[in-house]
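Here's the structure we're looking at; comments come further down.
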Amino acid sequence: MMRFLYAILLIFPLTAAAQDSADWMAKAEQAYQAFNHAEALEFYLKALESNPDNYEAAWKASRAYVDVGETLKDKKERRKNYLAAAEYARRAIEVDSGGAKGHLSLSIALGRVALDAGAKERVRLSKEIKAEVDKALALDPADDIAWHVLGRWHRKLATLSWIEKKFANLFLGGVPKEASVEKAAECFQKAIELNPTWVNHHLELAITYEKLKQLDLARAEYRKVLEMPVTDSDDPNHKAYAQERLKKLS
């Protein structure tokens, strides 16, 4: 009898912790849907405190760190958030290496670190970014965000500055031959095919069409950006940029 009671006492705290984690996740999702990224991050972290092996909480904490970082003007503070995002993405991968979202989250976090980094670090990080997004797509080829990230990778690597090309020779053995602006456009087209309602897919496709000098197609995509409803906290900025580009292309 005593052994039975002891077993129950061992199981009960685990069950209670799992419930606490689920409750924090519910609060986090509500905050995320309201574009309250700082509060969502707080709740995802609390969910992880209750259950350190909560894979979903780990990769969504990574996403929230990126969301919060994007709102910060101070470069050092942004970097802290993006590095934390990478840390929690790696934590998600440790919990479940077969989960696509962990690898995708790491590619996004490292991409954000790269945006604020110098040319040397940007090029160095590009190798891991590509490796992680490839893993994400191998696990879930229907993830539109992963196709978006791959599109960004292709466009960036295909349009390196002369100094970045020197670092590419050092870290990558040269500019990857597979990288091209044309493939970037194909990736964004695939992302739109999978999720036509995400404004940023259309914006990045428009930017890519500009790079390809396909200006009629670029204008059409910029107009779509302006016509589409806001579904993400970044969409007002995306629309402002599309409006600015349309004026310059008119």
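Listed values, structure above:
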quantity	calculated
In degrees, nearest ten, helix 144-158 long axis to first principal axis of the chain (Cα)	40 degrees
Value at 222 nm in deg cm²/dmol, rounded to 500, when DSSP H runs of n ≥ 4 in the chain each add -39,500 (n - 2.57)	-27000 deg cm²/dmol
Cα-derived Rg over Rh, computed across region 107-249 with Rh taken as Kirkwood radius	0.97
Radius 14 Å from Cβ of ASP235, net charge of other residues (Lys, Arg +1; Asp, Glu -1)	-4
Isotropic mean projected area of the C-alpha convex hull, region 196-250 (nm²)	3.2 nm²
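Here, each number is a calculation from the coordinates, and none is a lab measurement. Being a predicted model, the structure only gives us computed values, none of them experimental. No Cβ is skipped: glycine too gets one built from the backbone with ideal geometry, and neighbour counts run over all protein chains shown.
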